[in-house]
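Structure, as structure tokens:
The numbers here are math on the coordinates, done by the rules we state, and not lab data. Not measured: the values here are computed from a predicted model. Here Cβ is always computed from backbone atoms with ideal geometry, including for glycine, and neighbour counts include all displayed protein chains.
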Amino acid sequence: MIVAPDADGIRRAAELLRAGSVVAFPTETVYGLGADAFNPDAVAEIYRLKNRPSWNPLIVHVADVTAARALAKTWPDVANELAAQFWPGPLTLVLRSATQGTIAVRVPAHEVARKLLDASGLALAAPSANRSESISPTTAQHVLRSLPEVPLVLDGGPASWGIESTVLDVTGEIPRLLRPGALALRDIREVTGSVALPDEVVDGADRSSPGMSKRHYAPRARLILTDDVRDVPEAEGPVGILTYETEDVRNAEILGVDPREYAADLYAALHRLDDRGVATIIVKNPPETEDWMAVRDRLSRAAAS
């Protein structure tokens, strides 16, 4: 059920969460499937609905820095500086947990997410509200198409960033990027100085961040990356094209030449192509520059077999 994020909708969502159920809600990045982070049965329902592997961790969304600090065993100076600069916003910090291991935490900026956190009084574990490995949702309608069993979806309109948060591990001496995302690496470096780049992670192995599986963010159609979308390989069934240039390509989805603009519409464009029933999606390789790192990451995982 999709409901408006008015006072009644927020109240109903908060009641469901406090009762141990799940609720889908908008953030500035993508829509999340939320549950009480410290209710094991509620968290298990997230994994069940998404068909998510048990080794893939969740990000915990909290209302403010004070709530985040309460979940951490240690709070390094760099976490303070990053939180002051980028929270609320699309940055997730991996910290030493107050219990054991690590915990990934962020303070979302979306007004609806913040109202829900305040009304529920909970820390909310909230991965993207879609079946595991499939395209992340950027609208309430995307959520219900992927997860029709979700009891309630708060409709906050299209997600403005359209791509997941950047995940940064601050448990070591040098912050390490675990997942490129909405917040640009150059912006983080202005606060931290050096940032180590991600190590390759094998599926099934323990990890401290989501979004690191080999195949992820994938449409139903086969996705092929190429340098020239006009040179379409042989494919069975209808073909869709996704590019960032204004070249004359028939029936193409043409996204912005700015990486943030492109990212904001990437998942929505993949949903549109899937909805058209194409069998193959040909995507022009994005530039190799650092600004396009998050887009390249999502497309390379979507294209993985």
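Counting only C-alpha contacts under 8 Å and six or more residues apart, can you give the relative contact order of the chain as a whole percent?
Result for the chain is 20 percent.
For a quick check: sort 1, 293 by the number of other beta carbons within 10 angstrom, fewest at the front.
So the ranking, lowest neighbour count to highest, is 1, 293.
Going by C-beta contacts inside 10 Å, put 38, 86 in order with the fewest on the left.
Values: 38 13, 86 21.
By the 10 Å Cβ count, ascending: 38, 86.
Amide H neighbours of residue 134 under 5 Å, at least 5 residues apart or on other chains, H built in the peptide plane: list them.
217, 218
Once phi is turned into θ = phi - 60°, what whole-Hz ³J(HN,Hα) does the Karplus curve with 6.51, -1.76 and 1.60 give for every residue of the stretch 83-90, x standing for Gly and Pro?
Once θ is set to phi - 60°, the couplings for the stretch 83-90 become 4, 5, 7, 10, 9, x, x, x Hz.
Hey, can you grab everything whose amide H is under 5 Å from the amide H of residue 72? Only 5+ residues off in sequence or another chain; H modelled, so Pro and N-termini drop out.
Amide H neighbours of residue 72: 98.
What dipole magnitude, in Debye to the nearest 20, does the stretch 19-152 give about its Cα centre under +1 on Lys/Arg Cβ and -1 on Asp/Glu Cβ?
Details: 11 positive and 11 negative charges, 48 e Å.
Once rounded to the nearest 20, the dipole reads 220 debye.
Among 27, 76, 98, whose Cα sits farthest toward the positive end of the charge dipole of the chain (+1 at Cβ of Lys/Arg, -1 at Cβ of Asp/Glu, about the Cα centre)?
So the residue furthest toward the plus end is 98.
Under a straight-distance cross-link criterion of Cα-Cα below 28 Å, which lysines are reachable from residue 50, leaving out those fewer than 8 residues away in the same chain?
Reachable lysines: 115, 214.
With charges set only on the Cβ (+1 for Lys and Arg, -1 for Asp and Glu), what does the dipole of the chain come to about its Cα centre, in debye to the nearest 20?
860 debye
Label the stretch 2-192 by shape, choosing from rounded, prolate and oblate, from the square roots a ≥ b ≥ c of the eigenvalues of the Cα gyration tensor; if a/c is under 1.5 it is rounded, and otherwise prolate applies when a/b is larger than b/c, oblate when it is not.
It is prolate, given that a/c is not under 1.5 and a/b is the larger ratio.
List, in order, the whole-Hz ³J(HN,Hα) value for each residue of the stretch 66-81 obtained from phi through the Karplus relation with A = 6.51, B = -1.76, C = 1.60 and θ = phi - 60°; use x for Gly and Pro.
Here the 3J(HN,Hα) series is 4, 5, 5, 4, 5, 8, 9, 6, 10, 10, x, 4, 5, 5, 4, 5 Hz.
List 81, 173 from most exposed to least, where exposure is judged by having the fewest other Cβ atoms within 10 Å.
173, 81
So for the pair residue 186, residue 100, with labels modelled 7 Å out along Cα→Cβ, what separation do we get in nm?
Once both label points are built, they end up 4.4 nm from each other.
With point charges of +1 on the Cβ of Lys and Arg and -1 on the Cβ of Asp and Glu, referenced to the Cα centre of the chain, which listed residue (223, 237, 129) lies farthest in the positive direction of the dipole?
In the chain, that residue is 129.
What is the calculated FRET efficiency for residue 257 to residue 195, with r their C-beta to C-beta distance and R₀ = 25 Å, to the nearest 0.05?
Between residue 257 and residue 195 the formula returns 0.45.
State the extension gain, in nm to one decimal, for the chain segment bounded by residue 132 and residue 227, taking 0.36 nm per residue of separation less the distance between their alpha-carbons.
Working: separation 95, 0.36 × 95 = 34.20 nm, distance 2.83 nm.
Stretched out fully, the residue 132 to residue 227 stretch lengthens by 31.4 nm.
From the phi of every residue in the stretch 173-179, what ³J(HN,Hα) in whole Hz does the Karplus formula 6.51 cos²θ - 1.76 cosθ + 1.60 yield, where θ is phi - 60° and glycine or proline is x?
Karplus values, whole Hz, x for Gly and Pro: 5, 10, x, 10, 6, 9, 9.
Out of 109, 5, 282, whose Cα points farthest toward the positive end of the dipole of the chain (charges: +1 Lys, Arg; -1 Asp, Glu; placed on Cβ)?
After comparing all options, I get 5.
For residue 34, what residues show an amide H to amide H distance below 5 Å, using hydrogens built from the backbone and excluding near sequence neighbours?
Under 5 Å from the amide H of residue 34: 23, 24, 25.
Between residue 279 and residue 111, what is the FRET efficiency for a Förster distance of 35 Å, r being their Cβ-Cβ separation, to the nearest 0.05?
0.35
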